[in-house]
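Single-structure report; data block below.
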Amino acid sequence: MTTALLVIDVQASFLARPSWDATRLGDWPEAQRSLIDLAREAGMLMVRIIHTEPGSQGAFDPDNGLTRAMVGFEDPADVTFYKTAHNAFTDTGLDRWLRGRGVSRLWISGIRTEQCCETTTRVASDLGYAVDFVSEATLTFAMQRGERTFSASDIRETSPSGWG
């Protein structure tokens, strides 16, 4: 079974967002780094996914120069896909690229546990991939809904620890 590591949205854009707080990253940087290193040592394919919002003039607009790998995670990828949807498959060619290389299992990691990482996981599962959601190597931020604030820990606790 050929496996690929997806590194989703580990990009400089997040550092420009008000929600970015380097003091609240916990063990994520080390876990993400370890996962990338483990995948490389195992000879796995590495796929970088970058979120873009063309024309938005925000942190994810490709014209601002921030839609690139985050410092410390610039490892050479086998391929990079740029997405505009939450999942990494819609309108990117990712599925065709993976199938063309015989990939049938995915390791999912990256930023926004409950959005881009989980959504990509669900779509990948629907497409027939065996999926490992590496929750330790996903990162999210506190979210406000009405009067209630959900901490990053609250959000991660409700995320899947494994799929497939």
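Go through the residues of the range 84-95 one by one and say whether even a single one is farther than 19 Å from Asp126 by Cα and of a type in the set (Asp, Glu). No. For the range 1-34, the tally of residues that are under 20 Å from Lys83 (Cβ atoms) and at pLDDT 95 or above stands at 11. Among the residues of the range 1-39, those that are under 16 Å from the mean Cα position of the chain (by Cα), part of a helix (DSSP H, G or I) and under 23 Å from Asp63 (Cβ atoms) comprise Ala12, Ser13, Phe14, Leu15.
Looking for something charged (D, E, K, R), in a helix (DSSP H, G or I) and closer than 20 Å to Ser13 by Cα - is there at least one such residue anywhere in the range 52-70? Break it down stepwise before answering.
Start the filter on the range 52-70 by keeping residues that are charged (D, E, K, R), which leaves 53, 61, 63, 68.
Checking which are in a helix (DSSP H, G or I) leaves us with 63.
When the remaining residues are screened for being closer than 20 Å to Ser13 by Cα, the result is 63.
Scanning the range 52-70 turns up at least one residue that is charged (D, E, K, R), in a helix (DSSP H, G or I) and closer than 20 Å to Ser13 by Cα.
Checking each residue in the range 2-31 for being of a type in the set (D, E, K, R) and over 22 Å from Asp78 (Cβ atoms) picks out Arg17, Asp21, Arg24, Asp27, Glu30.
Tell me whether the range 48-65 contains one or more residues that are modelled with pLDDT under 95, charged (D, E, K, R) and under 19 Å from Ala31 (Cβ atoms). Among the residues of the range 48-65, not one is modelled with pLDDT under 95, charged (D, E, K, R) and under 19 Å from Ala31 (Cβ atoms), which makes the answer no. The criterion of at least 2 residues that are modelled with pLDDT of 95 or more and crowded, with 22+ Cβ neighbours inside 10 Å is met by the following helices (runs of 4 or more DSSP H) wholly inside the range 74-157: 94-100, 118-126.
The values are calculated or read from the model by the stated rules, or taken from the named source; none is laboratory data. Since the model is a prediction, treat every value here as computed from it, not as a measurement. Glycine gets a Cβ as well: all are built from the backbone with ideal geometry, and neighbour counts include every protein chain shown.
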